[in-house]
Amino acid sequence: MSAFTFATAQYDSGDWDSAPQVPANVIDAVARYTSIDVNPAGVIVPLASRDLLRYPLVYLTGHLPVRLASAERDMLRTYLGRGGLLFVDDHNHDVDGQFHKSCSHELARVVGAPLRDIPNGHALYRAFFTFPDGPPATSHELNGWGDNLVHTHLLGAMRGDRLQVLYSNKDYSSEWGYHPDNKRFLSIDNTRFAVNIVVYALTR
Amino acid sequence: MTARDRVRRVQRILLLGAATSALAWGALAGLAVLAIAATADLISPLGLAARSLLPRTAALAALVAAAAVVRRAHRARQLDRVALWIEERAPALRYALVTRLDLPAADSANRPLAEALDRQVDAVPFEPVAWRAARHALAIPAAAAVVAVLLLLALPRGVVARVAAPHAGDAVARAAAKDNALAAIVVTVEPPAYTGLAPQVLDDPAHAAGVTGSRVRIEGRVAGGPVRATADTVTIPVTTGGDRWRAALAMPAAPAVVRLRQRSRERLLLLEPHPDSSPVVTLVKPARDTVLRAASGVLPLHATFRDDFGLAEGWWEFVVSSGEGENFKFRTIVLGRAGFGNARSAERGLRLRLDSLALEPGDLVHLRAVARDGNTVTGPGESGSDTRSIRIARPSEYDSVSVEALPPPDALKGLISQRMLILLAEALEKRRPRISHETLVDESGRIARDQNALRKQVSDIIFARLDDASGGEESEGEAEKRKDMSPDELLAAASAATDKSGTGALDFAGGESPVVAINRPMLEAYNAMWEAGRALGIGEPKRALPHMYAALAAIQRARLAERIYLRGKPKDVVVDLAKVRLVGKREGIGPAARLPRTSEDAVMARRAARFDAAIERLGTARAAAVDSLLLLRAELLAAAPAVATPLGDAIDALREGRDATAPLVAARRALAGAPVAHTGLSRWGGAR
């Protein structure tokens, strides 16, 4: 039984490395709240690499348009077919932005259907912590940055009864983009939802 | 009428009788083939392939039978044989007829005999015999043919048509089984008009394939109670008209099982959709991403397009990203939009003037070719080529893109000087026997001064790096002092300076201080130069040379040392797991059970178990086993197409009563998979 390793997807187009602090923060949250055996540092895995299949959860973010090469698309399709969960976060927090438009289009091509709203009663929101109102809002949404919207739902694509793609316009990449030592300044840890994503990926 | 004329008349009667008899026997043979086949089809339905042979088989049988009759009657074409046939059936002629025909007509000597024979022949009326024989030859086959016709008429409606004019979709023409409206069905798959494909009619199928969005019509004969149809959880309306019931639905996007139910009966129909593929677009030019110094000139673009049914239109798409960090602006530009006229493949080119995009330094252009197909039902399908990125470099980035020649670095200057000093020292040592001691000491002293100057340059290189790291905290006096340091003192000073920096940002193997690790070859050179300078200073170039060679080698190593620039790489944060483990507040944690996910292999194992159970059931409940295999196939169509294909063949074979061993074995082997080792998604034991 191998330890859980947080993987960040590297893709040819766009700025895949725009949120370098997120992996450590998620790893910190997983260790802080669960007994999951987790590696202390994340890995970067090229989307076209077969190494992708070693990680049950892969995180993808960026600001710039995402155009997947055919090798990346094929490997991602294989990965999702093998039961992996791709967590995509729009670092622009802008539903009219190029990242959202291009990435959601690419994902629809990979999974064969457009992304749909995930109901706020979905098991994802009870996988570890309970979020009765669905996905937690980010300070970027509440401050009116990006598209000036508080997104009430996350998007996703299902494979059978489980999520294969989880897509967020809420900019968790900015929300979680700080050194984990600084969590002590927060009254409520805003990375708790990351634990749900990890636990969901490992249990469903 | 002469005797010859009368025989000719009989000949005509016999030939007429043979011809009608041949027709009757032919008709009988053909009708018999059809009647037997129709009866057999009524008892057990014959396949379309077998039935397609029946019309030709019936015609062949008719021809053979008629030919046999005609062949038997060929003797009637000879007049003397006809006469003999008459003599045989009219003994009163006493061979007068045969004899009369043999007499030459122009021989006057035989005239009396001829007249006597004519009288004798005239006295016997033999034509009725011929008529009787002709009627007799016709009676039996005609009667049999009538019986065959009556039998065919007695068969249920449509049965004769199935054997006489078989065609796809006549499965429901057979008589309905008693109270069973699901005994036979016909499925018509009508592809969308944009595909240009012809409708497909399937008799009694277990599965039907077609392009997603095709119209699927299911038809059967009314018998017993009403028929209900569902696909997954959706009810399909069933209408009744005449003696037929009909249900229609669109071919879904994913494989689905249509369940037809009548009372306790159930029949499954697996719908296998073939998705209309999106166009395949390949960007040929530009072949790779690039960085340009200026946004000017012409960029040739070329792309190829393909689609399975037809391309509607295509265009070039450019997304220009401006900005950096968190602030980006985007422009989307579409050029060259044009129709393809439903062609299945096409090529397009464009000469893009970069000036027209009004690009600024730092802008990034994502370009791709896009095409849309003519799918008007589930589409249109749209897809683009791989994206190429063209970036306009900022002036601050020119160092990374410039190819201008640079002056040699400081270390290289040192290298050149050290070589020169070695050459001078070697020449001096060669001249040593021919020059005075004073000259030797004088020239050696000059080389020593150059060597010391070079040593100080090396010292500056070493400490220049250290000065950068320590933020210039070293005072000017310290720098002056350093110039006269011995190697040991220099190393000690370097280590001390490293400790003083105290940043800890650099990490080196073996516990070396950064300055030592970075400058080790240069420090070796410095050390060797020190020794060489001392030897040269006392007029001993021969003793100095090994140290000078060592200095040169050390500088060479420094020059070849790998330089790694970590520009742009984010800092790696390694979480101290032991420190943070389970220190978070436990509020808000849900009580849900969290169990490890099942592996993909477990899913395949369950499918294999279902397959094995169905095979075991084949002996006792064949129909149920086939249904189980059909449901398994519905699941495998998307998940494991390699298994679904032989499984489909096996289902067809089982339904048609053929030997299904080979496809079942192939399906089982495909289900088990090849014994390969691969890295899978990591498993995990659970969370608390």
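Could you please give the count of residues in segment B:624-666 that are of a type in the set (Asp, Glu) and either exposed (fewer than 15 other Cβ atoms within 10 Å of the Cβ) or assigned by TED's automatic domain parsing to the domain that holds residue B:270 (or both)?
Applying the first criterion (of a type in the set (Asp, Glu)) to segment B:624-666 yields B:627, B:635, B:649, B:652, B:656, B:659.
Cutting the leftovers down to either exposed (fewer than 15 other Cβ atoms within 10 Å of the Cβ) or assigned by TED's automatic domain parsing to the domain that holds residue B:270 (or both) gives us B:656, B:659.
The qualifying residues number 2.
Give the residue that is modelled with the lowest pLDDT, with candidates limited to residues of segment A:1-14 that are more than 9 Å from chain B (Cβ to nearest Cβ) and not in a strand (DSSP E or B). Reasoning before the result, please.
Kept after step one, since they are more than 9 Å from chain B (Cβ to nearest Cβ), are these residues of segment A:1-14: A:6-11.
After this cut, where a residue has to be not in a strand (DSSP E or B) as well, the list is A:6, A:11.
Values: A:6: 95, A:11: 91.
Looking at residues that are more than 9 Å from chain B (Cβ to nearest Cβ) and not in a strand (DSSP E or B), I get A:11.
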Check your understanding: If you check residue B:282 against the conditions, is it within 14 Å of chain A (Cβ to nearest Cβ), over 20 Å from residue B:346 (Cβ atoms) and touching a residue at least 60 places away in the same chain (Cβ under 8 Å)?
Key -> no
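Condition first: assigned to a loop (DSSP other than H, G, I, E, B) and surrounded by fewer than 20 Cβ atoms within 10 Å (Cβ to Cβ). Now tell me which residues in segment B:162-181 satisfy that.
Initially, segment B:162-181 is screened for residues assigned to a loop (DSSP other than H, G, I, E, B), giving B:165-170, B:174-176, B:178-179, B:181.
Those that are assigned to a loop (DSSP other than H, G, I, E, B) and surrounded by fewer than 20 Cβ atoms within 10 Å (Cβ to Cβ): B:165, B:167, B:168, B:169, B:175, B:176, B:178, B:179.
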Exercise for review: Quick one: count up the residues across segment A:30-57 that are out of contact with any Asp or Glu (no Cβ under 7 Å at 6 or more places or on another chain) and outside any loop (DSSP other than H, G, I, E, B).
Suggested key: 14
**Study point:** Residue that is farthest from the other protein chains (Cβ to nearest Cβ) [pool: residues in segment A:117-148 that are at pLDDT 90 or above and under 17 Å from residue A:100 (Cβ atoms)]
**Key:** A:117
Point to revise | Pick from segment B:314-329, criterion crowded, with 17+ Cβ neighbours inside 10 Å and either free of Cβ contacts under 8 Å to residues at least 40 places away in the same chain or among the charged types (D, E, K, R) (or both), ranking: nearest to residue B:343 (Cα to Cα) | key: B:317
Check your understanding: Any idea how many residues of segment A:58-104 are in a loop (DSSP other than H, G, I, E, B) and of a type outside the set (Val, Ile, Thr)?
Key -> 15
Review point. Taking the condition away from chain A (no Cβ under 14 Å), at positive phi and in contact with a helix residue (DSSP H, G or I) (Cβ under 8 Å, 6 or more places away or on another chain), does residue B:310 pass?
Key: yes
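Find the strands (runs of 3 or more DSSP E) located wholly in segment B:216-261 whose residues include 1 or more that are touching a residue at least 60 places away in the same chain (Cβ under 8 Å), and list them. Lay out the reasoning, then the answer.
Values: elements: B:228-231, B:234-236, B:238-241, B:244-250.
Counting at least 1 such residues, we get B:244-250.
Take the conditions crowded, with 24+ Cβ neighbours inside 10 Å, within 9 Å of chain B (Cβ to nearest Cβ) and either under 30 Å from residue B:583 (Cα atoms) or among the small types (Gly, Ala, Ser) (or both) and apply them to residue A:29. Does it pass?
Spelling it out, residue A:29 is indeed crowded, with 24+ Cβ neighbours inside 10 Å, within 9 Å of chain B (Cβ to nearest Cβ) and either under 30 Å from residue B:583 (Cα atoms) or among the small types (Gly, Ala, Ser) (or both).
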Point to revise | Selected residue (criterion: nearest to the other protein chains (Cβ to nearest Cβ)) from residues of segment A:61-94 that are surrounded by fewer than 24 Cβ atoms within 10 Å (Cβ to Cβ) and hydrophobic (A, V, I, L, M, F, W, C) | key: A:69
Check your understanding: If you take the residues of segment B:441-461 that are farther than 10 Å from residue B:536 by Cα and of a type in the set (A, V, I, L, M), which of them is modelled with the lowest pLDDT?
Key -> B:461
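For residue B:343, are the conditions met, namely being within 30 Å of residue B:201 (Cα to Cα) and of a type outside the set (Asp, Glu)?
Values: within 30 Å of residue B:201 (Cα to Cα): yes; of a type outside the set (Asp, Glu): yes.
Taking the combined requirement at face value, the residue satisfies it.
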Practice item. Scan the helices (runs of 4 or more DSSP H) fully inside segment B:17-128 and keep the ones with 3 or more residues being within 30 Å of residue B:201 (Cα to Cα). Key: B:48-72
Revision key, fill the gap. Inside segment B:633-670, the number of residues satisfying the requirement of being more than 21 Å from residue B:258 (Cα to Cα) and in contact (Cβ under 8 Å) with a residue 40 or more places away in the chain is 3
Review point. In segment A:121-204, which helices (runs of 4 or more DSSP H) lie fully inside it and hold 1 or more residues that are aromatic (Phe, Trp, Tyr)?
Key: A:172-175, A:192-203
Study note, to complete from the structure: A careful count of residues in segment A:40-60 that are in contact with a strand residue (DSSP E or B) (Cβ under 8 Å, 6 or more places away or on another chain), surrounded by fewer than 17 Cβ atoms within 10 Å (Cβ to Cβ) and at the interface with another protein chain (Cβ under 9 Å from one of its Cβ atoms) gives 1
Practice item. For residue A:106, state whether it is on the phi < 0 side of the Ramachandran plot and within 12 Å of chain B (Cβ to nearest Cβ). Key: yes
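The values are calculated or read from the model by the stated rules, or taken from the named source; none is laboratory data. What you see is a predicted model, and the numbers here were worked out from it, not measured in a lab. Neighbour counts are summed over all protein chains in view; Cβ atoms, including those assigned to glycine, are modelled from backbone coordinates with ideal geometry.
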